[in-house]
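Engineer: Okay, here's the structure, questions in a sec.
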Amino acid sequence: MILLTIIHLPILLACLIPLMRRQPVLCGWLGALAALPAGVLAWSGLLWPELLFPDLFLGSVLVLDPLRLVFLALTGTLWTTAGWYARSYLADDTQAERFQFFFLLSMAGNFGLILAADLITFYGFFVLMTFASYGLVVHSGNQEAHRAGRIYIIMGLIGEVLLLSAMFLAVDATGGELRLDAIAPAVGESAQRGLICTLAFLGFGVKAGAIPVYFWLPLAHPVAPTPASAVLSGAMIKAGLLGWLHFLPLGEQALPTGSAVLILLGFGAAFGAVALGLCQQNAKTILAYSSISQMGLMTVLLGTSLAHPALWPVAGPTLALFALHHGLAKGALFLGTGVLPVCPVRWQRWFWAGMILAALALAGAPLTSGALAKYGFKEIIYQTDGSYAGLLLLLLSLSSVTTTLLLAKFLRVLWRGKPPPAHGSFHGLGIPWAALMLLVALGPYLAVVHFNLPLTLPEYTPGLWLDGLWPIGLALLILVFFLRFAPKTWRTASVPPGDGVVLFERLITSIRSKIPFSWGDWWDHEFLNFTTLSDRIIDFESTRSVVNRIEPRLGVWAVFGFILISLILGFVLLLL
Amino acid sequence: MTDQSWLLPAIVGSSLGPGILIFFLREEQVAPRIALNLFGAILKVLLVGVAMHGFFQGENYEFRYAIAVDLEFHLRVDALALLFSVLSSVLWLVTTFYAIGYLKGSPNRRRFFGFFSICVTASTGIALAGNVVTFFIFYEFLTLATYPLVVHQGTKKALEAGRTYLFYTIGGGTVLFVGVVWLFVLAGSVEFGQTELLGELSGEQQLQLMLLFCVILSGLAVKAALVPLHGWLPAAMVAPAPVSALLHAVAVVKAGVFGIVRIIYDVFGIDLVRDMGMLYPLAGIAALTIVFGSLRAIAQDDLKRRLAYSTVSQLAYISLGVALGGGLATLGALVHLVHQGVMKITLFFCAGIIAETVKVHRISEMNGIGRRLPLTMGAFTVGALGMIGLPPVAGFISKWYLGLGGLQVGYGWVVPLLLLSSLLNAIYFLPILKRAWFCPPDGEWETHRSSPRWETPGMLLFPALITAALSVALGLFAASDWTVVKIALEIVESWFPHP
């Protein structure tokens, strides 16, 4: 029952919000309160056998297995700290209740989709999360937020549609079986394997920020209030990854083509997003591009395991660990952007130390959670024995270089740039942030040890130290050279956030301005408007005039006689 | 077996009686009229409940009365009849409450409630009809009983809409009449389920059967609002909100679709229709209607008109499911018959509340309306999300079975069609939700409250909330024992022994 409680608590509390109009203090605590049980349950490391709810949906199943435990630990932690943070951040917001409502519903969706063990429940909570988080994106209500929200919801809907078509085909392949663990084997066997995998990759890719459907992300993640950005970019983005794990035939069938495509797209995202991110001037936007880049690395790992099913028992937990590490660190960085404006001078030192630690973790510096994740990743690649292993390792190390560059840019923008408007108090924001920082440092280790993941902890030999440090050193070197010698135009190079979609919007605007075309007019056009058309046909006046014209002619004997005789003949023929 | 033949006439009569009695009351006798109405509505729900209970215990309810030689008035209960009569009796009860609140203090309520009751009599009659002739009688009865409701407001616009409505439905009825007589001449009085009667004729009279099928179907297609015979539906939205709710969700359109289901499965038989090659054209028309209705809906700014076109599109889901001719698709169609009704009635209730409480009819005037009418818009949101087909609202369940059904019979195009329709639904529903919840109001809302406690009189609000809750419950508990899916499954299993 505890699993059901975890999901229901946020929904229940969301429903109570209208009754809490006059208790803003209590309302503020709801977010943290609702997520706490999930966090506590996850970090306690208890697994739960399958729970069946045959009456719910089309027969609902919930389960907490080791893989889900890692995801629940991530989301439970992030939602708890972000909820706690939101209490202070939104204390002076007139629409705080509305925010809280959508925050709780998105949370319920996120927990639910992790625990779900059947397709319909999974999809239901996925949809809940997608639509509820629209409320988080547009919360601030300014033009920018509405634009981001519009692009978010359009992409979200496209994602739903792709996902649903993948679901239809997958269930057709399983022969009606709705359990998630039956999906991947059936997809592997299906004649339409390629189609299903493509649809699922793109459908979940919208959430996960995969090429080519990522571009809503740098618009929507930063524009939301900071606690919402943290969960969007740290926790909800992982729902896409989890979806891939359920749909792609990992550990079942080797798909060399799919694997190659995923690896290419993954590295494309990993490096491309850094290039675009370096051209951004807003700290949160840079973090959003960094998320795309990190999700790209996870896509690479996914692609590698797709070609080597035998490695999946280790690759799966590694991937989950990577997700945990990235989610926590990214969440901490996002929350940090809001702490800075309210941070007193004497605490600034600690603040920057924390932010640099989180950034180093993402860059994979030794002893951090990032090193743990990258170590696991490299172990997998060593075991593939493929001819590309050397290339993959090199690219992976290069991605550490680019990640360091991007995060250095982020810290620089945060330090030098215009500070974002201050919300909340230092204590209200700083304490949850510090709590999250603690888990950034310890969480992934704890997960490996405590959750019994089949992973080995790295032993820090000099080689490993070097391996972890040279990319960071190289990145810092590049940075110094860049700042000293690069022409000024390079430094101020900028790409509008959302890159591709901006070009698309311009295209649409220019087409619209050239062709005076409107859906409304087109469909109201008389030719297509059957109502008007039929009205005219059955119009009383014209109908009457036709009858009026006919009647005198019927009076003519010749006509009448002709009709009469033909009728008689007709009946006679019928009788025969 | 005890003699329970009284039950079926009682179900039909439970609304006919009050309906007739209401005409004998005076206009100002409000309390007795309300009492009669509610008595009839509650009694009908109870009686249908009894019939349902009995039916699942294995009882067989039938009522026969010979009108003329070879011509029987025949009522009978089967699972499909139950499905439709449960839908119409429950939603009628809710709508009665709503209508009492909606028309409070307006003129001509005697006429309204009288015909209102008769209208539902006709719709239960259609549900319980055991042969083609009885079905036809009630079908035409329904046309005549709804006309006074459509023109109730008596304005020029209402009268024009009523005229359009009559032209379409009487026209359709005439064609259907030709079909029914033709069928009678060919095969005698055909009871529903006697598909072998026409099956025997199929060899030598294939052409004639095909023509007959086309004639009957085009008669029914008017009420089922299949393109291009849907024109009356958007016009009829000038009627008061409870009538629109009834037209769109329960009575008229459903009668058409229900007729199509009966004709295909219980008169011709699915195998015969498939052999004649008539399923594919019907599926094509339904597909066209789905897309066309949605595209037209996008262009509407008037809230009720947009909802009306949405009905055109959503109803065609049912015809599509039937026309695909597979077990799962038919299951989806039957489930949608009920689910669409519950969701659409919610939307129309809400549209009525919005029009009555803040005098807003256009979508472009709805900015920030969620702050003035939070509960109403909450219910509207549930209905709209259900129409898009998002879980946990009921609409998802029907869409799910339709899509799987399409794949089951090898029509892969059904999936993109359904998803396109979902997208189009999102295009015309989501902007309404965004306006209501996320846009600041253009001015101050009228703060005058007709109800001290709620945002609008409770008689209007609660029906909407109840049907909204029902829409969620039907989706959320779709797999439990007493839901639509189970009854529909029973029906489908009788038609497809191995679904």
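Engineer: When you scan the range B:427-445, do you find a residue that is of a type in the set (Ser, Thr, Tyr) and either touching a Ser or Thr at 6+ places or on another chain (Cβ under 7 Å) or within 11 Å of another protein chain (Cβ to nearest Cβ) (or both), even just one? Give the derivation first.
Structural biologist: Taking the range B:427-445 and keeping what is of a type in the set (Ser, Thr, Tyr), we get B:428.
Narrowing the set further to residues that are either touching a Ser or Thr at 6+ places or on another chain (Cβ under 7 Å) or within 11 Å of another protein chain (Cβ to nearest Cβ) (or both) leaves B:428.
For the range B:427-445, residues of a type in the set (Ser, Thr, Tyr) and either touching a Ser or Thr at 6+ places or on another chain (Cβ under 7 Å) or within 11 Å of another protein chain (Cβ to nearest Cβ) (or both): present.
Engineer: One residue is enough: does the range A:36-55 have a residue meeting the conditions within 14 Å of chain B (Cβ to nearest Cβ), open to solvent by less than 80 Å² (accessible area, probe 1.4 Å), touching a Pro at 6+ places or on another chain (Cβ under 8 Å) and outside any loop (DSSP other than H, G, I, E, B)?
Structural biologist: no
Engineer: How about the range B:104-118: which of its residues are of a type outside the set (S, T, N, Q) and open to solvent by less than 10 Å² (accessible area, probe 1.4 Å)? Show your work before the answer.
Structural biologist: Taking the range B:104-118 first, the residues of a type outside the set (S, T, N, Q) are B:104-105, B:107, B:109-116, B:118.
Across the range B:104-118, the qualifying residues are B:Phe112, B:Phe113, B:Gly114, B:Phe116.
Engineer: Let me ask another. Looking only at residues that are open to solvent by 90 Å² or more (accessible area, probe 1.4 Å) and not charged (D, E, K, R) in the range A:477-497, which one is farthest from A:Gln281 (Cα to Cα)?
Structural biologist: A:Leu477
Engineer: Of all helices (runs of 4 or more DSSP H) completely enclosed by the range B:243-315, which ones contain at least 2 residues that are out of contact with any Gly (no Cβ under 9 Å at 6 or more places or on another chain)? Step through it out loud before you land on a result.
Structural biologist: Details: elements: B:252-261, B:270-275, B:279-298.
Qualifying helices (runs of 4 or more DSSP H): B:252-261, B:279-298.
Engineer: Related question: Residue by residue through the range B:211-248, note down the ones that are surrounded by fewer than 18 Cβ atoms within 10 Å (Cβ to Cβ) and either over 22 Å from B:Ile318 (Cα atoms) or out of contact with any helix residue (DSSP H, G or I) (no Cβ under 8 Å at 6 or more places or on another chain) (or both).
Structural biologist: Listed by number, the residues that qualify are B:Leu211, B:Cys214.
Engineer: Residues in the range B:324-347: is at least one more than 28 Å from B:Ala283 (Cα to Cα) and among the hydrophobic types (A, V, I, L, M, F, W, C)?
Structural biologist: no
Engineer: Within the range A:109-145, take every residue that is surrounded by 23 or more Cβ atoms within 10 Å (Cβ to Cβ) and not in a helix (DSSP H, G or I) and give me the one that is nearest to the other protein chains (Cβ to nearest Cβ).
Structural biologist: Filtering first and then ranking leaves A:Val138.
Engineer: Ok, one more. Please work out which one of (1) surrounded by fewer than 17 Cβ atoms within 10 Å (Cβ to Cβ); (2) closer than 28 Å to B:Leu279 by Cβ; (3) of a type in the set (Phe, Trp, Tyr) is the condition B:Trp400 fails and give its number.
Structural biologist: Condition not satisfied by B:Trp400: (1).
Engineer: Further question: Condition first: within 14 Å of another protein chain (Cβ to nearest Cβ), open to solvent by 10 Å² or more (accessible area, probe 1.4 Å), outside any helix (DSSP H, G or I) and farther than 19 Å from B:Pro392 by Cβ. Can you find one or more residues in the range A:87-108 that meet it?
Structural biologist: yes
Engineer: Kindly indicate whether B:Leu476 is modelled with pLDDT of 80 or more, open to solvent by less than 20 Å² (accessible area, probe 1.4 Å) and over 20 Å from the mean Cα position of the chain (by Cα).
Structural biologist: Here the answer is no, as B:Leu476 does not meet what is asked.
Engineer: Something else about it: Consider the range A:455-492. How many of its residues are within 25 Å of A:Ile380 (Cβ to Cβ) and in contact (Cβ under 8 Å) with a residue 24 or more places away in the chain?
Structural biologist: Counting residues in the range A:455-492 that are within 25 Å of A:Ile380 (Cβ to Cβ) and in contact (Cβ under 8 Å) with a residue 24 or more places away in the chain gives 15.
Engineer: Report, by residue number, each residue of the range A:164-210 that is open to solvent by less than 50 Å² (accessible area, probe 1.4 Å) and not in a helix (DSSP H, G or I).
Structural biologist: A:Gly176, A:Leu178, A:Ser190, A:Gly209, A:Ala210
Conditions tested, residue by residue: (1) polar (S, T, N, Q); (2) touching a residue at least 24 places away in the same chain (Cβ under 8 Å).
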position	(1), (2)
A:Pro10	no, yes
A:Cys15	no, no
A:Cys27	no, yes
A:Leu33	no, yes
A:Pro37	no, yes
A:Pro49	no, no
A:Phe57	no, yes
A:Ser60	yes, yes
A:Leu64	no, yes
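Engineer: Taking the conditions exactly as written (modelled with pLDDT of 90 or more, within 10 Å of chain A (Cβ to nearest Cβ) and out of contact with any Ser or Thr (no Cβ under 7 Å at 6 or more places or on another chain)), does B:Leu417 satisfy them or not?
Structural biologist: On the way: modelled with pLDDT of 90 or more: yes; within 10 Å of chain A (Cβ to nearest Cβ): no; out of contact with any Ser or Thr (no Cβ under 7 Å at 6 or more places or on another chain): yes.
No: the conditions fail for B:Leu417.
Engineer: From (1) open to solvent by 40 Å² or more (accessible area, probe 1.4 Å); (2) in a helix (DSSP H, G or I); (3) among the aliphatic types (A, V, I, L, M), pick out the condition that doesn't hold for B:Leu36.
Structural biologist: (1)
Engineer: In the set B:Asp271, B:Asp302, which member is more than 14 Å from chain A (Cβ to nearest Cβ) and surrounded by fewer than 24 Cβ atoms within 10 Å (Cβ to Cβ)?
Structural biologist: Result: B:Asp271 is the single residue among B:Asp271, B:Asp302 that is more than 14 Å from chain A (Cβ to nearest Cβ) and surrounded by fewer than 24 Cβ atoms within 10 Å (Cβ to Cβ).
Engineer: Could you grab the pairs with beta carbons closer than 8 Å, sequence gap of 6+ or different chains, first residue in the range B:26-39 and under 12 Å from B:Gly114 (Cβ atoms) and acidic (Asp, Glu), second one in a helix (DSSP H, G or I) and open to solvent by 60 Å² or more (accessible area, probe 1.4 Å)?
Structural biologist: Here the result reads B:Glu27/B:Arg110, each pair linking the range B:26-39 to a residue that is in a helix (DSSP H, G or I) and open to solvent by 60 Å² or more (accessible area, probe 1.4 Å).
Engineer: Give the residue, chosen from A:Trp470, A:Trp523, that is modelled with pLDDT under 75, part of a helix (DSSP H, G or I) and either touching a helix residue (DSSP H, G or I) at 6+ places or on another chain (Cβ under 8 Å) or within 29 Å of B:Glu160 (Cα to Cα) (or both). Walk me through how you get there before you give the answer.
Structural biologist: On the way: A:Trp470 fails: modelled with pLDDT under 75.
After ruling out the rest, the residue left standing is A:Trp523.
Engineer: If you go through the range B:283-298, how many residues are more than 14 Å from chain A (Cβ to nearest Cβ) and either under 22 Å from B:Ala384 (Cβ atoms) or in contact (Cβ under 8 Å) with a residue 40 or more places away in the chain (or both)? Steps first, answer last, please.
Structural biologist: Restricting attention to the range B:283-298, the residues satisfying the condition of being more than 14 Å from chain A (Cβ to nearest Cβ) are B:283-284, B:286-287, B:290.
Imposing the further condition that a residue be either under 22 Å from B:Ala384 (Cβ atoms) or in contact (Cβ under 8 Å) with a residue 40 or more places away in the chain (or both) reduces the set to B:283, B:286-287, B:290.
Residues flagged as more than 14 Å from chain A (Cβ to nearest Cβ) and either under 22 Å from B:Ala384 (Cβ atoms) or in contact (Cβ under 8 Å) with a residue 40 or more places away in the chain (or both) within the range B:283-298 amount to 4.
The values are calculated or read from the model by the stated rules, or taken from the named source; none is laboratory data. Computed from a prediction, not measured in an experiment: that's the story for all the values here. No Cβ is skipped: glycine too gets one built from the backbone with ideal geometry, and neighbour counts run over all protein chains shown. In case anyone asks, the SASA skips ligands and DNA or RNA and just uses the protein heavy atoms, side chains included. Shrake-Rupley method; radii C 1.70, N 1.55, O 1.52, S 1.80 Å.
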